[in-house]
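Chemist: Below is one structure. I have some questions about it.
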Amino acid sequence: MHRVLLSSSNAGDLILDPFFGTGTTGAAAKQLGRVFIGIEREDAYAEAARARIDATDRLPDEALKVTTPKRAEPRVPFGTLIERGLVKAGETLFDPAQRIAARVRADGSIACSNASGSIHKIGAHVQGAEACNGWTFWHIRKGNALIPIDVLRQQIRSEMADRA
């Protein structure tokens, strides 16, 4: 029940269990900072549920924080980095070892010596792989440093969160 509540609700949400039984849902809800309503018609089960819930402590706020999965973060197309001026058309992207290079195009695609496409497609192509996370594979030179383009994407996400 703990995993179900974590994946389907947030702290402070109301949880309804119309078949409360011994209070498994209520105990998990209390521990995870959810509000709950339990319905149980059998007195023995209702008493067991009350005792179980009374013996359950709510987790501290810090423990209730959850990590946002990558897929839940706002989507940022690579072209947005170009539009914002964080990456310029014509600049070169490199693999982490700086053995492979690709040029950035104005439309948000990249091109290497024998192919062009998305950061993911070309990252996979140059590695001979089925798939590639282009955000972590490709790096750009900023001053003397080589940084993953994902750092720039995170910068945009941070700005988006500040505006929200």
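The values are calculated or read from the model by the stated rules, or taken from the named source; none is laboratory data. Everything numeric here is computed off the predicted structure, so don't read it as measured data. Cβ coordinates were reconstructed from backbone atoms using ideal geometry, including for glycine residues, and neighbour counts include every protein chain displayed.
Chemist: Could you please find all residues in region 122-156 being surrounded by 14 or more Cβ atoms within 10 Å (Cβ to Cβ) and of a type in the set (Lys, Arg)?
Modeler: Within region 122-156, ARG153 is the sole residue that qualifies.
Chemist: Right, here's the next one. Yes or no: LEU64 of a type in the set (A, V, I, L, M), touching a residue at least 40 places away in the same chain (Cβ under 8 Å) and over 20 Å from ARG157 (Cβ atoms)?
Modeler: yes
Chemist: Do any helices (runs of 4 or more DSSP H) lying entirely in region 1-62 carry at least 3 residues that are modelled with pLDDT of 95 or more and more than 25 Å from the chain's Cα centre (by Cα), and which ones are they?
Modeler: Helices (runs of 4 or more DSSP H) meeting the threshold: 24-31, 43-54.
Chemist: Only one of these is of a type outside the set (S, T, N, Q) and under 30 Å from ASP150 (Cα atoms): LYS30, LYS65. Name it.
Modeler: Among LYS30, LYS65, only LYS65 is of a type outside the set (S, T, N, Q) and under 30 Å from ASP150 (Cα atoms).
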